[in-house]
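For reference, the structure is listed below as structure tokens.
The values are calculated or read from the model by the stated rules, or taken from the named source; none is laboratory data. Because the structure is predicted, anything quoted here is derived from the model rather than measured. Every residue, glycine among them, receives a Cβ derived from its backbone with ideal geometry; neighbour counts consider all protein chains shown. In case anyone asks, the SASA skips ligands and DNA or RNA and just uses the protein heavy atoms, side chains included. Shrake-Rupley method; radii C 1.70, N 1.55, O 1.52, S 1.80 Å.
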Amino acid sequence: MDTDSSDMTAARSSGGLQLTLELEHPDCWMREVTAATAARLLVNAAYLVDGKVKAHVVAYAESAAAVKALVAATRASDHTHAVTEMDTRRSFGGISAPVNKATRTLLVEYGPEESIHDALVSHGFMNQEPIRIRDGTEYWTVAIDESRATIQEKLDAVCAQKDATITVTQITSATTGSRERDGLAVRQLSDRQREVFELARKRGYYDYPRAVSGSELADELGIAKTTFHEHLRKVEATLLGPSGTDRD
């Protein structure tokens, strides 16, 4: 495994394609605890040590109680071997953490058979950003120097190997140009803006005819309709320029 923050950004200077992936796989404690609580995880680094994976993760949520519940669920999971809470008062170089959130930093040990990281890396997919996990789904940004047909073959192989479900939600060029700028714009979105945008896209909000209304999505997210549209306006301004309009 031997992955750290420098590894996660190493592929940024190379050519090829950058993919944004949504994935799920069985026996994953991260999927289990984020599906069971209102908190989320940010994976900054993972290492293979003495046959076990040790991952540096940040648990975060709107409330300290939600974070506490996730930590308790992580300790109780059948898929974790050890959970150590780290001193969040110290600064760890290259470590990302959400701002304005309740957070706790953990070092979690678990079996490599319960991780999908090695399967992705062995097929040429290299992390470019910390991995985000929420509501039982992992969100990866990876780079790979292959044709699109070969990429699909490799993703199919990973799915078969790990009994995983992987969806490619965005493909951008890793070389200079407008596509790269579009990819950078997506990375500038806040976590909440990404969540709103990804849900809207997944539920068919941008389809024609529209499959779901803004009011329905706002209810699903537990926010006001005006807040939902405000998030989308900011997303559209970032991705497309200041041309977003209100939608029902």
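Checked against the criterion of being in the same structural domain as L48 (by the TED database), modelled with pLDDT of 90 or more and outside any strand (DSSP E or B), segment 88-101 contains not a single residue that satisfies it. Can L239 be described as at pLDDT below 85, in a helix (DSSP H, G or I) and aliphatic (A, V, I, L, M)? So L239 passes the test. Within segment 38-52, if we keep just the residues that are over 19 Å from V71 (Cβ atoms) and assigned to a loop (DSSP other than H, G, I, E, B), the residue that is least open to solvent (accessible area, probe 1.4 Å) turns out to be G51.
Residue count for segment 48-69 satisfying the condition of being modelled with pLDDT of 95 or more and at positive phi: 0. Cβ separations smaller than 8 Å between residues 6+ apart or across chains give the following pairs from segment 219-237 residues that are among the hydroxyl-bearing types (S, T, Y) to residues that are part of a helix (DSSP H, G or I): T227/A218. Scanning segment 135-166 for residues being open to solvent by 50 Å² or more (accessible area, probe 1.4 Å) and under 22 Å from N44 (Cα atoms) gives a total of 1.
Summed over segment 199-228, the residues that are modelled with pLDDT of 65 or more, open to solvent by 30 Å² or more (accessible area, probe 1.4 Å) and either hydroxyl-bearing (S, T, Y) or closer than 24 Å to Q18 by Cβ (or both) give a count of 7.
Restricting to strands (runs of 3 or more DSSP E) lying wholly in segment 110-190: which have 2 or more residues that are modelled with pLDDT under 90 and polar (S, T, N, Q)?
165-173
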